[in-house]
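The values are calculated or read from the model by the stated rules, or taken from the named source; none is laboratory data. Every value quoted in this text rests on a predicted model; they were computed, and no experiment measured them. Here the Cβ is made from the backbone with ideal geometry for all residues, glycine too, and neighbour counts use every protein chain on show.
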Amino acid sequence: MRLEEKQAVEMLIDASPIELGRAADFERRQRYDDTVTFIVDRNINYTNVCVNECRFCAFFRRLGHKDAYVLSQEAILEKVRETVEAGGTQVMIQGGCHPELGLDYYENMLRSIKSHYDITIHSFTATEILHFARQAGLTVTETLKRLQAAGLDSLPGGGAEILVDRVRRQVSEKKIMTDEWLDVMKCAHSIGMESTATMVIGLGETLAERIEHMEKIRRLQDETGGFRAFITWTFQPGNTQLGGEKTSSWDYMKTLAMTRLYMDNVAHIQGSWVTQGERIGQLTLGFGADDLGSIMLEENVVRAAGTSYEMSINKMAELIRGAGRRPAQRDTKYNIIKRMD
């Protein structure tokens, strides 16, 4: 029986982490038995210049700042080459909303990558897509179709944070609001471009607002079926204007478990070793997660906030085995490429 919002809020408030974990793990096992997947990819941040200036972001720089940069096409191609040579099957290209880059910059980037390498381009957040569209004077759908024609395969779920405008206005008032984020995803799904969805907790949201966020994703998934996975991150306050304290690991684990229980129409739930470290990442496999995301050959945004963990294919496989699970490398569509039993 499908959980309702009120019931989910009560569970998130009153249930113990162990209770939620057991229930979420049961649901995971029904779907995937003991298989846990991961992907080999690279995050490429083409620029750190951003007009949104989010209070929770330690990565962005204003135009003209001494540390501001824009990667050349040659530099991006070199990063893609290194990814392919390391066994990567996907690149996740993301950056700030640069005020001076036109749509042709992104189209040329995509075409260049596809002409040189057979690799999946899972790139650009909904925030970036809307920025591109406004810069070009196009609709979101027109923009997505042009990027798709140039080589964009799917969208990551970044930029969602908490899909409640009260929270968004407090932490990123210049960024797109809830309905705009959902509309970009709806437009992408309508042209056959699937995506993931994310949630960042610890931004001053209430537990009820976390469930409200999940409900909005679940409702859109009922309509489009375009979300492949749901990923929960924790806010990293280091070096940010927003500051504050990290939310606890137990808070993260309870919320993660609830995403598996509540998001009954989203296939995959991803645990985050990137923000939690490998030991908590391993524990997520007992709290509903069936995927541990990427080994991340490069990551800059979380690192800018002072959080940094290293991972390799062998370490990832051992981490999964250590949780009593069977590791498997996947592609972007969650097809298993190689088992490592």
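Structure summary
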read-out	value
Selection status of ILE176, closer than 29 Å to MET253 by Cα, of a type outside the set (S, T, N, Q) and at pLDDT 95 or above	no
Which listed residue, of ALA8, ALA15, ALA23, is crowded, with 19+ Cβ neighbours inside 10 Å and touching a helix residue (DSSP H, G or I) at 6+ places or on another chain (Cβ under 9 Å)	ALA8
Residue match in region 165-175 (condition: buried (at least 24 other Cβ atoms within 10 Å of the Cβ), of a type outside the set (Phe, Trp, Tyr), out of contact with any Ser or Thr (no Cβ under 8 Å at 6 or more places or on another chain) and outside any helix (DSSP H, G or I))	no
Number of the condition not met by GLY192 [criteria: (1) at pLDDT 95 or above; (2) in a helix (DSSP H, G or I)]	(2)
Residue pairs meeting the criteria (Cβ under 6 Å; at least 6 apart or on separate chains; first without any contact (Cβ under 8 Å) to a residue 40 or more places away in the chain, in region 179-201; second part of a loop (DSSP other than H, G, I, E, B))	HIS189/GLY226
Residues within region 189-205 that are within 23 Å of HIS122 (Cβ to Cβ) and more than 16 Å from the chain's Cα centre (by Cα), tallied	4
Residue check, LYS315 among the basic types (Lys, Arg), surrounded by fewer than 16 Cβ atoms within 10 Å (Cβ to Cβ) and modelled with pLDDT of 95 or more	no
Identity of the residue in region 206-236, more than 29 Å from ARG146 (Cα to Cα) and of a type in the set (Phe, Trp, Tyr), that ends up farthest from the chain's Cα centre (by Cα)	PHE235
Qualifying positions in region 102-156 - part of a loop (DSSP other than H, G, I, E, B) and among the small types (Gly, Ala, Ser)	GLY102, SER123, GLY137, GLY151
Test result for ALA208, more than 18 Å from ALA126 (Cα to Cα) and at pLDDT 95 or above	yes
Count - residues of region 263-293 that are part of a helix (DSSP H, G or I), of a type in the set (A, V, I, L, M, F, W, C) and within 19 Å of GLY158 (Cβ to Cβ)	2
Helices (runs of 4 or more DSSP H) enclosed by region 1-96 - at least 3 residues per element that are of a type outside the set (Asp, Glu) and without any contact (Cβ under 8 Å) to a residue 24 or more places away in the chain	17-32
Counted residues, region 132-169 - those being in contact (Cβ under 8 Å) with a residue 60 or more places away in the chain, under 30 Å from THR206 (Cα atoms) and not charged (D, E, K, R)	3
Output for region 225-260, where each listed residue is at pLDDT 95 or above, among the hydrophobic types (A, V, I, L, M, F, W, C) and touching a strand residue (DSSP E or B) at 6+ places or on another chain (Cβ under 8 Å)	PHE227, ALA229, PHE230, ILE231, LEU256
Failed condition for LEU130, given (1) within 28 Å of ASP331 (Cβ to Cβ); (2) of a type in the set (A, V, I, L, M, F, W, C); (3) surrounded by fewer than 20 Cβ atoms within 10 Å (Cβ to Cβ)	(3)
Candidates PHE38, PHE56, PHE60, filtered to the one that is modelled with pLDDT of 80 or more, crowded, with 18+ Cβ neighbours inside 10 Å and within 19 Å of the chain's Cα centre (by Cα)	PHE38
Looking only at region 63-100, and only at residues there that are among the hydroxyl-bearing types (Ser, Thr, Tyr) and closer than 20 Å to GLN329 by Cβ, the one that is modelled with the highest pLDDT	THR89
Flag if LEU256 is among the hydrophobic types (A, V, I, L, M, F, W, C), assigned to a loop (DSSP other than H, G, I, E, B) and crowded, with 23+ Cβ neighbours inside 10 Å	no
